[in-house]
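S.K.: One structure, pasted below without further comment.
Coordinate-derived values only; no laboratory data. If you're wondering where the values come from, they're calculated on a predicted model, not measured in any experiment. With ideal geometry, Cβ positions are generated from the backbone for all residues, glycine too; neighbour counts draw on all protein chains shown.
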Amino acid sequence: MTHEVLTALEQQLRPTTAATYRFSRDLQGPILEMNTRGLLVDLYRRDDVLAQYRTEIVRLEEQLDDIVRDGIGLEEWVATSSWRSNKQMCILLYDRLGLPTQWKRTPGGERSRTADRDALERLEHYLMAEPVVKHIFALRDLGKKVSFLSTAIDLDGRLRTSFNIAGTTTGRLASSYSDFGTGTNLQNVENLLRSVFVADPGMKFCNIDLEQGDSRGVGAIHWQLFRDGRYLDACESGDLHTTVARGAFRHLPWTGDAKKDREVANGSFYRSFSYRDAAKRLGHGTNYQGQADKMSRATHIPLNHIKDFQTNYLAEFSSFPQWWRWVAESLRDTRQITTLLGRQRVFFGDYKDPETIRQAVAYEPQSITADTIDRGLLALWRANRIQLLLQVHDSVLFQFPEEQEDDIVPWALSCIQQVIHLKGDRNFCIPGDAKVGWNWSDSPADPNALRKYNDPSRPRYRTR
């Protein structure tokens, strides 16, 4: 049956889709190597981190009980209920606090009350619900981390994941538990959790991360379609977010001096947000047609501030509306988007639906980043000089003999940083940032954690 399906599909391949198919097949080598090798786990460090998380869970549980008992006056709920239960959370939020009931469809098609993440995000803005919801978010997050660290480790002390080459529409790899039912998804792991993963004896980690991959992809698209280099120039300026802030917050005392302007951009914009923070968050959201009201709910920045930002931002980088129209017209005419790197996607949704258009707008920049890192991954594997460990969206983690650092790292960067020739004799390259160390975290307090490769103070050999 599989062979019959393959025979039928091969007849539908065209030069563009055939190239993507060959690339996907080529990736099987490095993917199988990463799936098989896994990451070595420091079991003592894992137990320390688990203890920290469990202590924090107890502290937050006690605070939540105090809020519900003393702040809301529901002592009986504290004695009989748990934040882990969806049913009991629904009773607290809807029956006791009287908040608007949130619903979802069950697999059988019936409506059911829910206290899932989407529901809590909608309720968080109610004054009575906010402290409860924030504690639930924190407790659930910690619960996932405890579950992650408690995941079964293989008998050789390694934790493995299973990468799926065709797991996403953009070309990004997806990951889940290993083929033997152990391990877990290793692509969304926070810094403290990463500290439990260590290099093998005599080896050293290198993590190469693409810098502003999606944003640079957007800039390349603007140049390729409209010969507008303003956004790509901003990306290549060395400080995209200060450059964006300079155009979006025109009332500030900009000087034209890069160092002084960064100090201006680091000034307070709203609550904990600096102008530079806002430029980063709001600029990225606006690139993909982010709606001001939704961005306001996500960031807690007032709606009028976001509208003012978007007005100035789109005036400064006026190719964004042109690009969005081009995407909508492509969906209308062909239902397809083909990226700069030749990956084609057909969109089956209603071409007039704003959500379909937003998905199509985000598709090409995200796909450029995914294919760039995967091309680098393949080049590293084919050279057979290092041991691949993980691909995490826009970065690659590998290990190498620690005495070969100054030979391996510059070479690996050259594999990742690929030059693409755009129209109009302009070259485009997404730079990589290399960090080296003996565990996967980048905590400044840990001498064995990852440090920038070009940092002269980085340790040369492992601290025991």
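S.K.: Could you size up the charge dipole of region 50-149 around its Cα centre, putting +1 on the beta carbon of Lys and Arg and -1 on that of Asp and Glu, and report it in debye to the nearest 20?
M.R.: Details: 16 positive and 16 negative charges, 107 e Å.
So the dipole magnitude of region 50-149 works out to roughly 520 debye.
S.K.: Now a separate question. Once both labels are modelled 7 Å past Cα along the beta-carbon direction, what's the residue 225-residue 420 spacing in nm?
M.R.: For residue 225 paired with residue 420, the spin-label model returns 1.4 nm.
S.K.: Hey, got the Cα dimensions of region 365-421 along the principal axes, in Å, largest first?
M.R.: Cα extents, longest axis first: 37, 24, 17 Å.
S.K.: Too long at a 28 Å Cα-Cα cut-off: which of 134/352; 259/435; 87/134; 307/452?
M.R.: Details: 134/352 37 Å; 259/435 25 Å; 87/134 18 Å; 307/452 38 Å.
The pairs that break the limit, which is 28 Å between Cα atoms, are 134/352; 307/452.
S.K.: Let me ask something additional. Kindly provide the Kirkwood hydrodynamic radius of region 310-464 in Å, to one decimal, from all pairs of distinct alpha carbon atoms.
M.R.: Numbers: mean 1/r = 0.0537 Å⁻¹.
About 18.6 Å for region 310-464.
S.K.: Roughly how many nanometres apart are two label points built 7 Å out from the Cα toward the Cβ at residue 382 and residue 307?
M.R.: 5.3 nm
S.K.: I've got another one for you. Between [x] -0.44, -0.57, -0.99; [y] -0.45, -0.60, -1.18; [z] -0.36, -0.48, -0.91, which entry matches log10 I(q)/I(0) by the Debye sum over Cα atoms at q = 0.07, 0.08, 0.11 Å⁻¹ as derived from the coordinates of this structure?
M.R.: So the calculated entry is the one marked [y].
S.K.: What is the magnitude of the charge dipole of the chain about its Cα centre, with +1 placed on the Cβ of each Lys and Arg, -1 on the Cβ of each Asp and Glu, and no other charges, expressed in debye to the nearest 20? Before the final figure, lay out the partial values.
M.R.: Numbers: 61 positive and 61 negative charges, 137 e Å.
That gives a dipole near 660 debye.
S.K.: OK, next. Can you tell me which of 337-343, 63-69 comes out highest on packing, and rank the rest after it, using the mean Cβ neighbours within 10 Å?
M.R.: Working: 337-343: 19.1, 63-69: 16.6.
In descending order of packing, they fall as 337-343, 63-69.
S.K.: Evaluated at 20 °C with a viscosity of 1.002 mPa s, what Stokes-Einstein diffusion coefficient in µm²/s does region 226-295 have when Rh comes from the Kirkwood expression over alpha-carbon pairs? Provide the component values of the computation, followed by the final result.
M.R.: Numbers: Rh = 12.7 Å.
Answer from the Stokes-Einstein relation: 169 µm²/s.
S.K.: With contacts defined as alpha carbon pairs under 8 Å and 6 or more residues apart, what's the relative contact order of the chain in percent? Write down the numbers at each step before the final one.
M.R.: Values: 629 pairs, mean separation 85.0, N = 464.
Worked out over the chain, it gives 18 percent.
S.K.: Of the options 53, 148, 64, report the single residue whose Cα projects farthest towards the positive end of the charge dipole of region 50-149 (beta-carbon charges: Lys, Arg +1; Asp, Glu -1).
M.R.: Looking along the dipole axis, the top candidate is 148.
S.K.: Pop the C-beta distance of residue 105 and residue 146 into the FRET formula with R0 = 30 Å and round what comes out to the nearest 0.05. Walk me through the intermediate numbers first.
M.R.: Details: r = 30 Å, r/R0 = 0.99.
According to the calculation, E is roughly 0.50.
S.K.: Still on this structure, please answer the following. In whole percent, what relative contact order does region 50-149 give with Cα contacts below 8 Å and a gap of six or more residues? Before the final figure, lay out the partial values.
M.R.: Numbers: 77 pairs, mean separation 30.8, N = 100.
Once normalised by length, the contact order is 31 percent.
S.K.: Then there's this: May I ask you to sort 272, 150 by Cβ crowding, counting other Cβ atoms within 10 Å and putting the fewest first?
M.R.: Numbers: 272 8, 150 11.
Fewest-to-most ranking of 272, 150: 272, 150.
S.K.: With runs of 4+ DSSP H residues as the only contributors, calculate the mean residue ellipticity of the chain at 222 nm using -39,500 (n - 2.57) per run, divided by the residue total and rounded to the nearest 500.
M.R.: Details: 19 runs with 226 residues, N = 464.
The per-residue figure over the chain is -15000 deg cm²/dmol.
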